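This report refers to the structure that appears directly beneath it.
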Amino acid sequence: MNQLQLITSSTVVTQSFFANDYNTGNDLIFRIRADNEFKTILLTSTNTKTVRDGLNAYFDRHSQDIGLLCSVIFWQKRTIDYQALHTAFLLNSLSEEDFEQEADKFTVHQKDLPPERIASVVERLDSLIGIKFDTSDYSDYFQCSQQNVMAGLRLLPDQRFAEMLPASTESE
Amino acid sequence: MAKKSSICSSVEGEKLSFNTRQFYPRPPVFNEILKKRVYPFKLGINGYVEIETALENPKQTAIYSTSLTEQGDSVQGGSVDGWATRPIKTPTVKKATGTHSASFGSVSGHAYAHIESSHRDHMQSTDIQTRHPQVIEVINPVYSPDIKG
C-alpha cells in the first residue's frame, strides 16, 4: 500500500479555514488530493451531513430501483409458472378440470391504481430496462385494467407512450 | 362484416378464431363484470381475430358497447390481447403465407379480443412495406396472393 508522504511544506489547514463559520463546530469530512505536477497536496472539506444526505438519497433511489426490478422478476416468474401449467394442459398432461383448479391459484382480482403511480413506475421501468411493453403487459404487471394503465400512460409526455393510446387521445 | 385495425378496436363473440405468429397465454384474471375467471392471451407479431360464432343476444351480453359482435367481424393489429372464459386450447401451426407459418386457433365461452398496437408498428417495418406497399386497413388474411391453402 502506498504511504502518503508530505511533499510540500506549505500550511495545510489555513487560519482562514477556521475563520469560516461554516467549518467551525461542524462535523466535517476531509479529502486530500495529491497533485504530482505541482507537488502540492490539496485539502478540501465537506460537511458530513451533506455527504451523508447525498449517500442516503443515492441509496434510497437504488433501493427503490432494486425493488422495482425485483417486482419485474417476480412478475416474470409467475408468468413462466403459469405458462408451464398451460403447456401441461395443452400437452394433455392435465385435464381441463385439473387445469382450471390449478389456474385458480394464479387468478388475480384487478386493482384500481392511481394513474400517477402507474405513470411513475412505467417511466422508471422504461429508463431502467428499456423493453417495450404493451398495455396488456403493464395490465398484467400492475394487476389492474388496461383502462387504468392507459390513464397512467396519458400522464407521460414521451410520444412513445402516447402512441400506445387510441387515436383520439394521441397528442398529434 | 366490419374489419378494424385501430388501437382499442375490439370483437366479442362466443367463439373467436385467430391467427398469429406469437401466442402468449397469460395468468387468469377475475372479471368483475362477468363475475367469473377469464383466461387472458396475447397475440404478437401481428394477430388477426374473427368472430366465428356470435354471442347470443350481443346487445345484452357484450361487455363493451364498442365491440364488434357480428359473425365475421374481425380485428387485426401488430399486437392483440384478449381473454376467454374457457381455457385456451392448442393453436395449430400452419403455413400462412408464402414465407411464414402462423399459429391458428380459437377461444371460446365469452371471448374478447382487443387491438393494443395497430398497423403503426406494422407500417414501421420497411420489410413489410416493401412486400406490401399497398397495406391499408385489415390485411390479414388478405395477404392474398401469398396465401397457401
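Take the residues in segment A:148-159 that are touching a helix residue (DSSP H, G or I) at 6+ places or on another chain (Cβ under 9 Å) and within 12 Å of chain B (Cβ to nearest Cβ), then tell me which one is farthest from residue A:111 (Cα to Cα).
A:153
Testing residue B:52 on (1) over 21 Å from residue A:89 (Cα atoms); (2) more than 14 Å from the chain's Cα centre (by Cα), one condition comes back false. Which one is that?
Against the list (1) over 21 Å from residue A:89 (Cα atoms); (2) more than 14 Å from the chain's Cα centre (by Cα), residue B:52 comes up short only on (2).
Residues are listed down the side, and each one gets a yes or a no for (1) of a type in the set (Ser, Thr, Tyr); (2) under 28 Å from residue A:109 (Cα atoms):
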position	(1), (2)
B:49	no, yes
B:65	yes, yes
B:70	no, no
B:83	no, yes
B:101	yes, no
B:109	no, yes
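Residues of segment B:1-27 being of a type in the set (D, E, K, R), within 14 Å of another protein chain (Cβ to nearest Cβ) and part of a strand (DSSP E or B), which ones? Full working, then the answer.
Let us first name the residues in segment B:1-27 that are of a type in the set (D, E, K, R), namely B:3-4, B:12, B:14-15, B:21, B:26.
Checking which are within 14 Å of another protein chain (Cβ to nearest Cβ) leaves us with B:4, B:26.
Result: B:4, single match.
Consider segment B:73-122. How many of its residues are in a loop (DSSP other than H, G, I, E, B) and away from chain A (no Cβ under 13 Å)?
Of the residues in segment B:73-122, 6 are in a loop (DSSP other than H, G, I, E, B) and away from chain A (no Cβ under 13 Å).
May I ask you to list pairs of residues, at least six apart or on different chains, whose Cβ atoms are under 6 Å apart, with the first in segment B:59-80 being in contact (Cβ under 8 Å) with a residue 40 or more places away in the chain and the second being among the basic types (Lys, Arg)?
From segment B:59-80, the pairs are B:74/B:3; B:75/B:4.
May I ask you to say which residue of B:56, B:32 is surrounded by fewer than 23 Cβ atoms within 10 Å (Cβ to Cβ) and at pLDDT below 90?
None of the others qualify; the one that does is B:32.
Could you run through segment B:28-72 and say how many residues are assigned to a strand (DSSP E or B) and within 30 Å of residue B:96 (Cβ to Cβ)?
Of the residues in that region, 18 qualify.
Conditions: (1) more than 14 Å from every other protein chain (Cβ to nearest Cβ); (2) of a type in the set (D, E, K, R); (3) loosely packed, with under 11 Cβ neighbours inside 10 Å; (4) in contact (Cβ under 8 Å) with a residue 12 or more places away in the chain. Residue A:37 meets all but one. Number of the miss?
Unmet condition: (4).
Please name all residue pairs, on different chains or six or more residues apart, with Cβ atoms under 8 Å, provided the first residue is in segment A:52-65 and is touching a residue at least 40 places away in the same chain (Cβ under 8 Å) and the second residue is among the aliphatic types (A, V, I, L, M) and in a helix (DSSP H, G or I).
Taking only residues 6 or more apart or on different chains, the pairs are A:65/A:128.
Could you count how many residues in segment A:81-116 are in contact (Cβ under 8 Å) with a residue 24 or more places away in the chain, surrounded by 12 or more Cβ atoms within 10 Å (Cβ to Cβ), touching a Phe, Trp or Tyr at 6+ places or on another chain (Cβ under 9 Å) and more than 10 Å from chain B (Cβ to nearest Cβ)?
Matching residues across segment A:81-116 total 1.
The values are calculated or read from the model by the stated rules, or taken from the named source; none is laboratory data. What you see is a predicted model, and the numbers here were worked out from it, not measured in a lab. Every residue, glycine among them, receives a Cβ derived from its backbone with ideal geometry; neighbour counts consider all protein chains shown.
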